[in-house]
Amino acid sequence: MSETATEPGRAGGRRGAPVTGSSPGAPDPVARDAVRAADRAHVFHSWSAQDLIDPLPIAGAQGSYLWDYDGNRYLDFSSALVYTNLGYQHPAVVAAIQEQAGRLCTLAPGLAAEPRSEAARLIAERTPGDLDKIFFTNGGAEAVENAVRMARLHTGRPKVLSSYRSYHGATAGAINLTGDPRRWASDTGTAGTVHFWGPFLYRSPFHATTGAEECERALRHLEDTIVFEGPATVAAVVLETVPGSSGVLVPPAGYLAGVRELCDRYGIVFVLDEVMVGFARTGAWFAADHWDVVPDLLTFAKGVNSGYVPLGGVAISPAIAQTFATRPYPGGLTYSGHPLACAAAVGTITAMAQEGVVEHSARIGAEVLGPGLRELAARHPSVGEVRGLGTFWALEFVRDPATREPLVPYGATGGANAPVNAFAAACRKRGLWPLTTMNRTHVAPPCTISEAEAREGLEILDEALSVTDAHMA
């Protein structure tokens, strides 16, 4: 990946200031106000109190940057919602969508189509092990819903186990699997889901002091949960390979292999949710590759086509696929394997392979983001821990490094979030678009980010962290 891979987005101006040039263009307050007015009148936004938000109108984006109608340019350290793995407006993906639109915009899911078949082939070539059948969905939550349905039908068992500090989607089943506070308002307690504690050494629920202890105790806890729930009632264990929105919780060595062994021992389907971490995000095609673990089902979305057209799916093992060889699978979607979405996936995967994006993400993480973020942590006492790999990192904010008290309480809303909200505002003022959640900021730029852009973002974070330092106890 060359240092100029995403340079078009850098055209003109200094960071955080109005810019002119070929990409952002001149400020256009009339268009800005029209977009804002229509949004406020008609768009109902997710996860928000509608009268308390004021979404920023965005005029365009290119590479690692986006800009507003006032000409302010922002380096995107969120990849939208951790999915623009190739950055904005990658020419190969745009061309793939345009070409497919000119040939065949849509087709019923029961028919065979070249972009659908080719996307499935390219995905299957890269999934761990022998996950060679692909069921397409419109996004990650639907992928998780269908993976759970497959597991229950395959095993004939009702229960599904998932961890606290997890997120699996906002649809009815996926939100019950979710372990973070977004579940609370929708949790009926009747969805057949049981939660357990996954490993997180920095805030160990097992009083562990080493990664090895955390792994051993977390596995023992999971097995105890299985035994006390009744192994014959458990259809699946569903895990994010690296829990993302809950804090980029990289599992300790041996943990995923241990879960695989427990699932084999008790006849349980092992589902890995790779919606956020697949397709170069962690410096591998799939995060499971880091630990050489093969699940029975693997869900994906987001980075599969850089989010250019909604697409998700489930990669399926031969044993589970065989369950539905002569028995109809009772599920489907009108837009399953949509030609435009699949063409975007083909364009994305091809570009990633040709441009060495997976390798680039790994290098940027190992040589720039990881060392740079750890240097920031050493200078800023409000940073309790740095975690991550590839282009997927998190800084954990604390009030006291010794006690590790979070800067804001778990599940806090409203004014309790003021310190992190102030940090985010400081980032935006300086030209960085951050991704903050609870007591953390996540660092998840496009996997194509150049070294110069990554260092630019680290410099802005360094300045903005003075805000969180000021809010310490």
message: Please go through (1) assigned to a loop (DSSP other than H, G, I, E, B); (2) touching an Asp or Glu at 6+ places or on another chain (Cβ under 7 Å); (3) surrounded by 15 or more Cβ atoms within 10 Å (Cβ to Cβ) for residue 59 and return the number of the only condition it doesn't satisfy.
response: (1)
- prompt: If only one of 188, 225, 193, 178 is touching a Leu at 6+ places or on another chain (Cβ under 8 Å), free of Cβ contacts under 8 Å to residues at least 60 places away in the same chain and assigned by TED's automatic domain parsing to the domain that holds residue 150, which one is it?
  reply: 193
- prompt: Mind checking which pairs have a first residue in the stretch 346-370 that is more than 17 Å from residue 306 (Cβ to Cβ) and a second that is among the basic types (Lys, Arg), Cβ under 9 Å, 6 or more apart or different chains?
  reply: 368/455
- request: Being touching a Gly at 6+ places or on another chain (Cβ under 9 Å) and acidic (Asp, Glu) is the filter here, so list the residues in the stretch 303-360 that pass it.
  value: 359
- prompt: In this structure, does residue 424 turn out to be within 17 Å of residue 369 (Cα to Cα) and either within 21 Å of the chain's Cα centre (by Cα) or not in a helix (DSSP H, G or I) (or both)?
  reply: no
query: Does residue 115 fit the bill of being at pLDDT 95 or above and surrounded by fewer than 24 Cβ atoms within 10 Å (Cβ to Cβ)?
result: no
- request: Return yes when residue 408 is within 16 Å of residue 469 (Cα to Cα), touching a strand residue (DSSP E or B) at 6+ places or on another chain (Cβ under 8 Å), of a type in the set (A, V, I, L, M) and outside any loop (DSSP other than H, G, I, E, B) and no when it is not.
  value: no
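Do you know which residues across the stretch 427-473 are in a loop (DSSP other than H, G, I, E, B) and surrounded by 22 or more Cβ atoms within 10 Å (Cβ to Cβ)? Step through it out loud before you land on a result.
So in the stretch 427-473, the residues in a loop (DSSP other than H, G, I, E, B) come out as 430-431, 434, 438-439, 444-450, 471-473.
Hits for the stretch 427-473 are 434, 439, 444, 445, 446, 447, 448, 449, 450.
For residues that are hydrophobic (A, V, I, L, M, F, W, C) and more than 25 Å from the chain's Cα centre (by Cα), scanning just the stretch 320-339, find the one that is nearest to residue 267 (Cα to Cα).
In the first step, residues of the stretch 320-339 are kept if they are hydrophobic (A, V, I, L, M, F, W, C); the result is 320-321, 324-325, 333.
Keeping just the survivors that are more than 25 Å from the chain's Cα centre (by Cα) gives 320-321, 324-325.
Details: 320: 12, 321: 16, 324: 18, 325: 20 Å.
Looking at the filtered set, the residue picked out is 320.
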Conditions (1) more than 30 Å from residue 34 (Cβ to Cβ); (2) assigned to a loop (DSSP other than H, G, I, E, B); (3) in contact (Cβ under 8 Å) with a residue 24 or more places away in the chain; (4) out of contact with any helix residue (DSSP H, G or I) (no Cβ under 6 Å at 6 or more places or on another chain); number of the one not met by residue 157: (4)
message: Which count do you get for residues in the stretch 227-244 that are surrounded by 22 or more Cβ atoms within 10 Å (Cβ to Cβ) and either part of a helix (DSSP H, G or I) or not charged (D, E, K, R) (or both)?
response: 10
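Scan the stretch 204-211 and give yes if some residue there is under 19 Å from the mean Cα position of the chain (by Cα), surrounded by 16 or more Cβ atoms within 10 Å (Cβ to Cβ), of a type outside the set (Phe, Trp, Tyr) and not in a strand (DSSP E or B), otherwise no.
Step one: of the stretch 204-211, the residues under 19 Å from the mean Cα position of the chain (by Cα) are none.
Within the stretch 204-211 (the criterion being under 19 Å from the mean Cα position of the chain (by Cα), surrounded by 16 or more Cβ atoms within 10 Å (Cβ to Cβ), of a type outside the set (Phe, Trp, Tyr) and not in a strand (DSSP E or B)), the answer is no, since none of the residues qualifies.
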message: Looking at residue 182 and the list (1) charged (D, E, K, R); (2) assigned to a loop (DSSP other than H, G, I, E, B); (3) at pLDDT below 95, which single condition is not satisfied?
response: (2)
- line: Condition set surrounded by 19 or more Cβ atoms within 10 Å (Cβ to Cβ) and among the charged types (D, E, K, R), scope the stretch 387-407, selection farthest from residue 366 (Cα to Cα): answer is 399
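Give 347, 370 a once-over and let me know the one that is assigned by TED's automatic domain parsing to the domain that holds residue 277 and either under 30 Å from residue 105 (Cα atoms) or in a helix (DSSP H, G or I) (or both).
Details: 370 fails: assigned by TED's automatic domain parsing to the domain that holds residue 277.
Being assigned by TED's automatic domain parsing to the domain that holds residue 277 and either under 30 Å from residue 105 (Cα atoms) or in a helix (DSSP H, G or I) (or both) holds for just one of 347, 370, which is 347.
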task: Enumerate the pairs (first residue in the stretch 255-274 and in the same structural domain as residue 297 (by TED's automatic domain parsing) and under 21 Å from residue 175 (Cβ atoms); second residue anywhere and modelled with pLDDT of 95 or more and of a type in the set (Ser, Thr, Tyr)) with beta-carbon separation below 6 Å, excluding pairs fewer than 6 apart on the same chain, so at least 6 apart or on different chains.
output: 272/241; 273/299; 274/241
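The values are calculated or read from the model by the stated rules, or taken from the named source; none is laboratory data. All figures in this text were calculated on a predicted structure; none of them were measured in a lab. Counting neighbours? That spans all protein chains shown, and the Cβs are built from the backbone with ideal geometry, glycine included.
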